[in-house]
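The values are calculated or read from the model by the stated rules, or taken from the named source; none is laboratory data. What you see is a predicted model; the values in this text were computed from it and never measured. Virtual Cβ from ideal backbone geometry, glycine too; neighbours counted across all protein chains shown. The protein model used for the area step is the full one, side chains on, heavy atoms only, and it has no ligands, DNA or RNA in it. Shrake-Rupley method; radii C 1.70, N 1.55, O 1.52, S 1.80 Å.
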Amino acid sequence: QTPRQPAPVLPGSLDQTEAEFQVSFKLKMWESIFGGASDLWLGYTQKSSWQVYNEDLSRPFRETNYEPELIWSIPTDYSILGLRGRLLALGLVHQSNGRGDPLSRSWNRVYAMAALERGPFVLQIKPWVRISEDEPDDDNPDIVDYMGRAEFLAFYKWRQQYTAALRLRTTFKSEPSWGSAQLDLRFPIVADLRGYFQVFSGHGESMIDYNFRKTSVGLGVSIGTWY
């Protein structure tokens, strides 16, 4: 089973309906780098897909992805096309599923991100470059042709409680994949607990099946806020 081929994750039949949960945080490691206004942050995201409804397979975890990153954020203040540029960030990201061959998936990349806003609207533009690996050690040499080379995130908040976010990832190619689109809607329940609705379509929702095209719909809850 080569990394370019979809690998069977578990014997038996997987349910199309499963639970997914994600933990994300960001910590400031170094404030006012070199005496300036920029800061160094440590970020981490862990996302798991759980076959909780699958009694035939004893409800296993199908996949877990780990994503630590270093972020150097620099405040900005400029205007372009009616938007005000508020932030420039440079980042180094590792993402993997922590598994052995032939199910191992991983990649490293560096990115630049610009954040612009106008009132309750925020636009993030984030292109990246994958850090190449030696061919014998590369778990997924074609991953950027599926998971993308850049991301565009449009975020809108209204009434201080409701948020909508549209994330587009593009490979800048139509073959083998154009990337993915994800729509997230959040609405208040109580205090910091929010209802969550998500629609995803494209490639790369999880690393184990990054070269599978899929469409999924999710409903759940989230804690905390964005931006």
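Please go through segment 191-223 and write out the chymotrypsin sites (Phe, Trp or Tyr not before Pro) that DSSP classes as loop and that have at most 16 other C-beta atoms within 10 Å. Show your work: numbers first, answer last.
On the way: sites: 196, 197, 200, 210, 212; in loops: 210, 212.
Sites meeting the loop and neighbour criteria: 212.
Each residue of segment 173-189 was assigned a 3J(HN,Hα) from its phi angle through the Karplus curve 6.51 cos²θ - 1.76 cosθ + 1.60 (θ = phi - 60°); the sequence is 9, 9, 10, x, 8, 8, x, 7, 9, 9, 10, 10, 10, 10, 9, x, 10 Hz, with glycine and proline shown as x. Working note: 222 nm ellipticity from helices only, DSSP H runs with n ≥ 4, each -39,500 (n - 2.57), summed and divided by the residues of the chain, gives 0 deg cm²/dmol to the nearest 500.
Per atom type, segment 54-170 shows carbon and sulfur on 56% of its accessible surface, probed at 1.4 Å. From the alpha carbon centroid of segment 184-202 to that of segment 39-110 is 19 Å. Computed from label points 7 Å out along Cα-Cβ, the spacing between residue 17 and residue 160 is 3.8 nm.
Please give me, ordered by residue number, the GluC sites (Glu not before Pro) of segment 121-227 that lie in loop per DSSP and have at most 15 other Cβ atoms within 10 Å.
Values: sites: 133, 151, 205; in loops: 133, 205.
Filter output for segment 121-227: 133.
Leaving out ligands and nucleic acids, and using a 1.4 Å probe, what accessible area per residue does segment 98-154 come to in Å²? All intermediate terms of the calculation are to be shown ahead of the outcome.
Details: 2690 Å² over 57 residues.
The answer is 47 Å² per residue.
Between the residues 78, 202, 150, the greatest Cα displacement towards the positive end of the dipole of the chain, with unit charges on the Cβ of Lys, Arg, Asp and Glu, is found for 78.
If you place +1 on the Cβ of every Lys and Arg and -1 on the Cβ of every Asp and Glu, how big does the dipole about the Cα centre of segment 143-209 come out, in debye to the nearest 20? List each step's numbers first, then the result.
Numbers: 8 positive and 7 negative charges, 73 e Å.
Taking the Cα centre of segment 143-209 as origin, the dipole is about 360 debye.
Short-range pairs are left out: with C-alpha atoms under 8 Å and at least six residues apart, the relative contact order of segment 138-227 is 23 percent.
For the chain, give the magnitude of the charge dipole about the Cα centre (Cβ charges: +1 Lys/Arg, -1 Asp/Glu; no others), in debye to the nearest 20.
On the way: 24 positive and 27 negative charges, 215 e Å.
Roughly 1040 debye, rounded to the nearest 20.
Restricting the calculation to Cα atoms, every distinct pair contributes to the Kirkwood radius of segment 1-124, found to be 17.6 Å.
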